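See below for the structure under consideration.
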Amino acid sequence: MALIVKDSLIRKRDGILPTGSSGFFVSVPSVFLLGLADGDKITGEIKIKEGAKQETKGITLILEKEHGDSLLHIPAEDWDMNFMREGRADLKLKEAIHGDKKKQLYPKRDVTTSPAIGCRIS
């Protein structure tokens, strides 16, 4: 099962970034990623939306915890500069990787969150 994040704003961050970050990230309330630490990798799919243009691809995001939010950094190797610098994305996050250990995020059912709906468990 997965954590599904709908209509999340892609933002740019300057300053100190996790190794490999493009500087672009999406923010998710930390309550959805409990038990994970800075630098953990989150695998899944991203659908980037900019106007009528959409693309879905596999991705491994870099986790950074910050006061109440988890920042999921898009790696530099996965960032497609053809997309607008600040657009929107849907994420389907499947598992966390800590070192060489993998852990399914939500093993029993999908959890969906977005700025509009808060949280929905399927």
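Do we have Leu33 as modelled with pLDDT of 90 or more, closer than 19 Å to Met1 by Cβ and surrounded by 12 or more Cβ atoms within 10 Å (Cβ to Cβ) here? Judged against the criteria, Leu33 is a match. Kindly indicate whether any position in the stretch 51-64 is out of contact with any Leu (no Cβ under 6 Å at 6 or more places or on another chain), in contact (Cβ under 8 Å) with a residue 40 or more places away in the chain and surrounded by fewer than 13 Cβ atoms within 10 Å (Cβ to Cβ). Looking through the stretch 51-64, none of the residues is out of contact with any Leu (no Cβ under 6 Å at 6 or more places or on another chain), in contact (Cβ under 8 Å) with a residue 40 or more places away in the chain and surrounded by fewer than 13 Cβ atoms within 10 Å (Cβ to Cβ). For Lys47, the criteria (1) under 16 Å from Ala96 (Cβ atoms); (2) without any contact (Cβ under 8 Å) to a residue 60 or more places away in the chain; (3) in contact with a Ser or Thr (Cβ under 6 Å, 6 or more places away or on another chain) hold in every case but one, which is (1).
Among residues of the stretch 18-43 that are assigned to a loop (DSSP other than H, G, I, E, B), those with a beta-carbon under 7 Å from a residue that is among the acidic types (Asp, Glu) at least six positions away or on a different chain give the pairs Pro18/Glu64; Asp38/Glu64.
The values are calculated or read from the model by the stated rules, or taken from the named source; none is laboratory data. Quick caveat, the model's predicted, so the values are computed rather than measured. Heads up, the Cβs are rebuilt from the backbone with ideal geometry, glycines too, and the neighbour counts pull from every protein chain shown.
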